[in-house]
Each structure stands twice: as structure tokens, then as C-alpha cells.
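Participant: Got a structure here, written out as C-alpha cells. Questions coming.
Just so you know, all these numbers are worked out from the coordinates, no wet-lab data involved. Computed from a prediction, not measured in an experiment: that's the story for all the values here. For neighbour counting, all protein chains shown are included, and Cβ atoms are generated from backbone atoms with ideal geometry for every residue, glycine included.
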Amino acid sequence: MHSDTTGQWTPVALSADLPAKTVMPARIGAETIALWRSASGEAVASADRCPHRGMRLSHGFVRGEALSCIYHGWRYARSGNCLHIPAHPGLAPPETIRVATYPVAEQNGLVWVAKGAPAGQPPRFDKLSPLRSVTVMAGIAAIEAAAGAKANADGALTPAVAPQGLCLLLSDLGDGQTCVHGLIARDATPQQRIAASREIETLRRLAEEGATL
């Protein structure tokens, strides 16, 4: 998947890695975003800078349906508008104080985020379930070489030699880094899931070694 992700869906995390009332950093290409889940279970993607002092919102905390900056506690709604400024509790924050938010789609155990208006819905992987995500310090070409296969237009790659049902979903992070989401057949046994996880580690090592040659 290209690092120029404008108008495209990008897989940024596994749903299982984002429990309710938590926030984590994620990447769309080279850009870091704050990915969070409200108490009601809604996944939200916000720009990772508080408009007040520029603190990373991915360092913040979730209370109910809002994300708060850890620095001065400015609180933002899922739509991005500022809800509360602790230093001025009686002030209704103006609509101009807001953080950018991005479209989010969640399906098949994956969280997808788009910059700009995406065309349609993310690709579906109905016969697969998420296994694990890793960051590989190598570009997509090095991963393809290690896997002996090419990724398709959706960034999905099936290694030439791997446990049955293993699929890698690649997202270019720029600077020679790639996020790899490992998927496995829904009916895979625990032993097959362990073997697939080990294969992902092997491919990471081979890709990183190949990238340094």
C-alpha cells in the first residue's frame, strides 16, 4: 500500500489492541495519529496534536466519549470539537477550537482509517481473523523478497511458503518502515496460529536483513 494514502483506507491496528477507554498512537504513512476508543466502543482517529500547546494526544486519556490532553486536560469530542478547558471551567469553548478527525471503519477485526474522502469501504477479509501486528524496519519490496510473493493493490500478501491461511496486510510507513498486520484462517488451530506467528517473525528478520544488504 502506497505511502501516499490520500483517499485510501489504511489498516492501522487490530481491534483487539484497542480496548474501550484507551488511546494509542497509530500511523497513516509517515503521519502519526491518535487512535482511541470511547467508553461506548466507538473507534475514533484524531490528529495527534492538541491545538493548545501541541502535546501529542496519543499520550492523553479517554473519559467517557471524549479524549483529554495529558498536558492541560483540554477535552475533545469524537467529532473533534473542544468540550472543556479546565483552566476556564465556565467557558463554552468556541467551535473554532478543534482537532482534525478522520473517517474510521472497523471490520474483520481490523481498524481502518482514511485521510480525505475514501472511495467505498475497506477491503473485506471475511475468511480470516487477526493474528498480530508488527513494525518491520524494511520497505515493502524487502518484505516481498523475503516472502517470495507480491502484495496486491490492497496491500495483501500471501507468502510463497507459509502456514496455510496466512495473509500479510502491508502498510507503508515511509522512511523504510512497514506495518504488517498478520491474518490467519478463521478455522486455524492454536498450533497453526503459533506457527503463523513464528513465520511472521522469520519474515521480519529476513526482510530487515535484506534491507541492510
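Participant: Under 18 Å from a point 7 Å along the Cα-to-Cβ line of ILE97: which residues of region 34-52 have their amide N that close?
Facilitator: Flagged as within label range: 47-52.
Participant: Over 22 Å apart: what share of the alpha carbon pairs of the chain falls there, rounded to a whole percent?
Facilitator: Values: 11798 of 22578 pairs.
Roughly 52 percent, rounded to a whole number.
Participant: Given H placed on each backbone N at 1.01 Å, which residues far from LEU18 in sequence or on other chains put an amide H within less than 5 Å of it?
Facilitator: Residues meeting the criterion, in which the H sits 1.01 Å from N, do not exist here.
Participant: Sticking with this one: Around ARG56, what is the net charge, scoring Lys/Arg as +1 and Asp/Glu as -1 over all other residues with Cβ under 14 Å from its Cβ? Don't jump to the answer; show the numbers that get you there.
Facilitator: On the way: positive: ARG27, ARG49, ARG53; negative: GLU31, ASP48.
Spelling it out: positives minus negatives among the neighbours equals +1.
Participant: Extension gain ALA195-ARG53, at 0.36 nm per residue separation less the Cα-Cα distance, in nm?
Facilitator: Details: separation 142, 0.36 × 142 = 51.12 nm, distance 4.61 nm.
Residue separation times 0.36 nm, minus the Cα-Cα distance, leaves 46.5 nm.
Participant: For the chain, what does the relative contact order come out to in percent, with C-alpha contacts under 8 Å and a separation of six or more? Could you put the intermediate results ahead of the total?
Facilitator: On the way: 480 pairs, mean separation 40.5, N = 213.
Computed over the chain, the figure is 19 percent.
Participant: Sum up the charges of everything whose Cβ sits under 14 Å from the Cβ of LEU83, counting Lys and Arg as +1 and Asp and Glu as -1, but leave LEU83 out.
Facilitator: Details: positive: ARG63, ARG75, ARG78, ARG98; negative: GLU65, GLU95.
It works out to a net charge of +2.
Participant: Does anyone have the angle between helix 190-211 and the longest principal axis of the chain? Alpha-carbon axes, 0 to 90°, nearest 10?
Facilitator: Tilt of helix 190-211: around 90 degrees.
Participant: Mind jotting down the distance between the C-alpha centroids of region 78-146 and region 33-70, whole Å?
Facilitator: Here the two parts' Cα centres lie 11 Å apart.
Participant: Follow-up question, since we're still on this one. Among GLY148, GLY182, GLY120, which one shows the highest mean-square fluctuation when the chain is modelled as a Gaussian network with alpha-carbon springs under 10 Å?
Facilitator: Among GLY148, GLY182, GLY120, the largest GNM mean-square fluctuation belongs to GLY120.
Participant: Using only alpha carbon pairs under 8 Å that are at least six residues apart, calculate the relative contact order of region 1-82 and give it in whole percent.
Facilitator: Relative contact order for region 1-82 comes out at 20 percent.
Participant: State, to one decimal in nm, how far the label point of THR22 lies from the label point of THR135, with both points 7 Å from Cα in the Cβ direction.
Facilitator: 1.7 nm
Participant: Among ARG37, ARG27, ARG63, which one shows the biggest mean-square fluctuation in a GNM of the chain, springs joining Cα atoms closer than 10 Å?
Facilitator: ARG63
Participant: Another question about this same structure. Only Cα pairs under 8 Å and at least 6 apart count here; give the relative contact order of region 128-211 as a rounded whole percent. All intermediate terms of the calculation are to be shown ahead of the outcome.
Facilitator: Details: 153 pairs, mean separation 32.7, N = 84.
Relative contact order of region 128-211: 39 percent.
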